[in-house]
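Enquirer: The structure under discussion is supplied below as structure tokens; questions concerning it will follow.
The values are calculated or read from the model by the stated rules, or taken from the named source; none is laboratory data. The shown structure was predicted, so the numbers you read here are calculated from the model rather than taken from an experiment. For neighbour counting, all protein chains shown are included, and Cβ atoms are generated from backbone atoms with ideal geometry for every residue, glycine included.
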Amino acid sequence: MKKTLASLLYLYLCGLIMNAAPIQVHGHRGARAMRPENTMAAFECALDVGVDALEMDVAVTQDDVPVISHDPKLNPEICRNTGGAAVIRQITFNELRTWDCGSLINPHFPKQQAVQGARIPALEEVLSLASRGNFLFNIETKIFRNQPQYTPTPERFAELVLQAIDRHNLRTRVIIQSFDFRTLQAMRKLAHEIRLAALDEDEKLGDFVKVARSASARIISPEQHMVTPERVASAHQAGLEVIAWTANTPEEWDRLIHAGVDGIISDDPAALIEYLKKKTLR
């Protein structure tokens, strides 16, 4: 018992040391609570409120243009076009740009303000915001092992994303995250210095260190309800960062702060930043 208590105390102290830096605020899909998700307006809004990172999702068009979209199929709840539903991988970038993804307010976010005529941006457009500060770009590759028709191969996907990053000289300011670790492993071979984050939502796995190592990642990014102080301390002891998703309420933020996470991904980064300020954590 004494050995177990000593071990837990050691892990806890490791967590405190690793989390000495302020908690990073990542704007989920830009600032989805305030502007239409994954649009330039959402990313600009997130920068205006002072996020540390812009979190976004990347799909690839038929003509191999990386674009910002959470879904492989255009979602009629938030995007509209007279042509009906479309799979992004089956249309060109120019065809994609005919879709209006800003006029419809997402019913799940009552504070969201419509942006008439907002289009799905290319990854390049978002990366062009780099001059506005020293924030990070947290880029998720949306690839599906059991639905290969929606994406290029993992290797080609990683190559296209890296080409966009390199055109803006941003390797040191990028995190690549994914649930499908094939793109992370492909990116590691192409650019070993780019930080990788293993997304995790499988409570049955539970071991943050094993999951991160299986992805060759230095960051574990778990669904927020998986986070415990013990798991965070173990990850920190292994030299990993922990960035949790997606937390939107003070109760959720408090629990993650107590657990010692390094970053929080939130749909409402403005509210999270204000909350951290009130707690003198920012």
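Enquirer: Acidic (Asp, Glu), over 19 Å from Pro269 (Cα atoms) and out of contact with any helix residue (DSSP H, G or I) (no Cβ under 6 Å at 6 or more places or on another chain): which single residue out of Glu44, Glu37, Glu77 fits that description?
Expert: The conditions single out Glu77.
Enquirer: Give the stretch 141-159 a look and list any residue that's assigned to a helix (DSSP H, G or I), in contact (Cβ under 8 Å) with a residue 12 or more places away in the chain and either among the polar types (S, T, N, Q) or surrounded by fewer than 19 Cβ atoms within 10 Å (Cβ to Cβ) (or both), or say none.
Expert: Gln149, Tyr150, Glu155, Arg156, Glu159
Enquirer: Give the number of residues within the stretch 198-233 that are touching a residue at least 40 places away in the same chain (Cβ under 8 Å) and of a type in the set (Val, Ile, Thr).
Expert: Here the count works out to 2.
Enquirer: Still on this model: Just to verify a result, which residue in the stretch 242-270, among those that are without any contact (Cβ under 8 Å) to a residue 40 or more places away in the chain and assigned to a strand (DSSP E or B), is nearest to Arg218 (Cα to Cα)?
Expert: Among them, the one singled out is Val242.
Enquirer: Collect the residues in the stretch 207-231 that are outside any loop (DSSP other than H, G, I, E, B) and closer than 22 Å to Ile194 by Cα, keeping them in residue-number order.
Expert: Across the stretch 207-231, the qualifying residues are Phe208, Val209, Lys210, Val211, Ala212, Arg213, Ser214, Ile219, Ile220, Ser221, Pro222.
Enquirer: I want to confirm something. Restricting to the stretch 248-268 and keeping residues that are of a type in the set (Gly, Ala, Ser) and in contact with a helix residue (DSSP H, G or I) (Cβ under 7 Å, 6 or more places away or on another chain), which single residue is surrounded by the most Cβ atoms within 10 Å (Cβ to Cβ)?
Expert: Ser266
Enquirer: Another question about this same structure. What do you reckon, is Phe137 in contact with a Lys or Arg (Cβ under 9 Å, 6 or more places away or on another chain), of a type in the set (Phe, Trp, Tyr) and within 26 Å of Ile243 (Cβ to Cβ)?
Expert: yes
Enquirer: Now for a different question. What are the pairs with Cβ atoms under 8 angstrom where one residue, in the stretch 161-183, is within 17 Å of Thr151 (Cα to Cα) and of a type in the set (D, E, K, R) and the other, located anywhere, is modelled with pLDDT of 95 or more and surrounded by 19 or more Cβ atoms within 10 Å (Cβ to Cβ)? Sequence gap at least six, or different chains.
Expert: Asp180/Thr141; Asp180/Ile143; Asp180/Pro154; Arg182/Ile143; Arg182/Pro154
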